[in-house]
Amino acid sequence: MIHYRDALPADGPALSAMAQRCFTDTFGSLYRAEDLALFLDRAFGADGLPSQLDDPRFSVRVALDGDAVAGFAKIGPVDFPGDWTSDTIELHQLYVLGRWQGEGLAPELMDWTIATARARGFARMVLSVYVDNHRAQRFYARYGFREIGKYEFRVGDHVDDDRIWSLDL
């Protein structure tokens, strides 16, 4: 049975492993192995996601199946280049491992991100999504997100065509 809670610093290793697996399962074939390894370490290694679990600028919610991390969502300061107002927050990741996709975890995590952002006084949420990730685009569109621009998502020397989506809260 799935249960949800705010992530704790002690969740860092399990959350890191889950995020690396989820990203690799979904996008790993797009990149050279060395570029992927460097990206995974930067984004989800000790100085990445785990270090943000006790950073008050970030909030992370985990979906657990027993002790296993099945999914998570992370919101925090906007990392995209450009001029973003202080009332804008970014949905950095919403990941659900394949085994649990279609089981209602993503909607539960998305509802949490929106409610948390609103409760903290944010007026807008932004995210980036890979241009060919149509499943994710349909999911975000159901919540009212709309594409507002392009973003070059880099993994080593490889540049993905990501799109920035926005939701007025």
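The values are calculated or read from the model by the stated rules, or taken from the named source; none is laboratory data. Model, not experiment: these values are computed from the prediction. Cβ: placed from backbone, ideal geometry, glycine included. Neighbour counts: every protein chain shown. Just so you know, the surface numbers come from the protein's heavy atoms only, side chains and all, with ligands and any DNA or RNA stripped out. Shrake-Rupley method; radii C 1.70, N 1.55, O 1.52, S 1.80 Å.
So here's what we get for this one:
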{"item": "Residue within region 57-67 that is of a type outside the set (S, T, Y), part of a helix (DSSP H, G or I) and under 16 Å from the mean Cα position of the chain (by Cα) present", "result": "no"}
{"item": "Qualifying residue in region 26-43 (condition: in contact with a strand residue (DSSP E or B) (Cβ under 6 Å, 6 or more places away or on another chain), of a type in the set (A, V, I, L, M, F, W, C) and under 27 Å from R120 (Cβ atoms))", "result": "no"}
{"item": "Among the residues listed as T26, T85, the single one being over 25 Å from R138 (Cβ atoms), of a type in the set (S, T, N, Q) and open to solvent by 60 Å² or more (accessible area, probe 1.4 Å)", "result": "T85"}
{"item": "Extreme residue, nearest to L127 (Cα to Cα), among residues of region 68-111 that are of a type in the set (D, E) and in contact (Cβ under 8 Å) with a residue 24 or more places away in the chain", "result": "E90"}
{"item": "Condition met for I75 (open to solvent by less than 10 Å² (accessible area, probe 1.4 Å), in contact with a Gly (Cβ under 8 Å, 6 or more places away or on another chain), of a type outside the set (K, R) and closer than 17 Å to F145 by Cα)", "result": "no"}
{"item": "Matching residues in region 74-125 - criterion: being in a strand (DSSP E or B) and of a type in the set (V, I, T)", "result": "I75, T88, I89, V96"}
{"item": "Of all residues making up region 1-38, the number that are of a type in the set (A, V, I, L, M, F, W, C), out of contact with any helix residue (DSSP H, G or I) (no Cβ under 8 Å at 6 or more places or on another chain) and within 16 Å of V159 (Cα to Cα)", "result": "5"}
